[in-house]
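The values are calculated or read from the model by the stated rules, or taken from the named source; none is laboratory data. Remember, predicted model here, so these are calculated numbers, not experimental data. Cβ coordinates were reconstructed from backbone atoms using ideal geometry, including for glycine residues, and neighbour counts include every protein chain displayed. Side chains included, ligands, DNA and RNA excluded: accessible areas come from the protein's heavy atoms. Shrake-Rupley method; radii C 1.70, N 1.55, O 1.52, S 1.80 Å.
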Amino acid sequence: MNKESNTNADLNDDFAMFRESLNGVKPLKQDQVQLKQTKKIQSVELKQQVKQQQSEFYFSDEYIPDIDTSGTINYVKAGADSYLAKQLRRGDYAPELILDLHGLNKETVKQELAALIHACKKQHIACACIVHGIGERILKHKVPQYLVQHPDVLAIHQAPLEYGGKGAVLILVDLPDDPSFGR
């Protein structure tokens, strides 16, 4: 019992010393700061505007390229090796990124295509698959028309069956020579 009473006495002494050291101390008055959400909202809106402007810069609804979108989609950029389309068709390039456009409108599709090409360049990915679906054939016709307008798209070909067939296209992106680009 002696040990317990010594321990209690020591604790009481410690508490007494602590209270004595706090003598004359006033509690802090807490300030409440209201964070302004407008900056965050403005930055999100600014990012959306930049994305919109970038997609409008590359993809125009007015321009209609001379490619047949009713049959097998096949395009190679002028100055690029014409064998690239055949390599895409045969499956020599496997897509590392797949973009599904089901349910999106044309304006959102433009933004997503611009973001996909940017991601391919940033991650140093040469081939991507874009699944547009068949549906009413609006995106089936528009997606290739948008893609041929982008300067970094080397080739486009209808995807093989395992990647979506008539409802998808494979694209080859022109990558920079420096693999450290975008990292």
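Quick test of your reading of the structure: Gly103 fulfils all but one of (1) assigned to a loop (DSSP other than H, G, I, E, B); (2) at pLDDT 85 or above; (3) of a type outside the set (Lys, Arg); (4) surrounded by 11 or more Cβ atoms within 10 Å (Cβ to Cβ). Name the failing condition by number.
Among (1) assigned to a loop (DSSP other than H, G, I, E, B); (2) at pLDDT 85 or above; (3) of a type outside the set (Lys, Arg); (4) surrounded by 11 or more Cβ atoms within 10 Å (Cβ to Cβ), the lone unmet condition for Gly103 is (4).
Kindly evaluate Pro144 against the criterion of being open to solvent by less than 10 Å² (accessible area, probe 1.4 Å), within 17 Å of Tyr63 (Cα to Cα) and either part of a strand (DSSP E or B) or not hydrophobic (A, V, I, L, M, F, W, C) (or both).
yes
If the requirement is being open to solvent by less than 10 Å² (accessible area, probe 1.4 Å) and part of a strand (DSSP E or B), which of these qualifies: Ala85, Ala128?
Ala128
Val109: open to solvent by less than 10 Å² (accessible area, probe 1.4 Å), touching a residue at least 24 places away in the same chain (Cβ under 8 Å) and touching a Lys or Arg at 6+ places or on another chain (Cβ under 9 Å), yes or no?
yes
Exactly one condition in (1) modelled with pLDDT of 90 or more; (2) touching a helix residue (DSSP H, G or I) at 6+ places or on another chain (Cβ under 7 Å); (3) over 17 Å from Leu175 (Cα atoms); (4) part of a loop (DSSP other than H, G, I, E, B) is not met by Pro95; state its number.
Of (1) modelled with pLDDT of 90 or more; (2) touching a helix residue (DSSP H, G or I) at 6+ places or on another chain (Cβ under 7 Å); (3) over 17 Å from Leu175 (Cα atoms); (4) part of a loop (DSSP other than H, G, I, E, B), only one is false for Pro95: (3).
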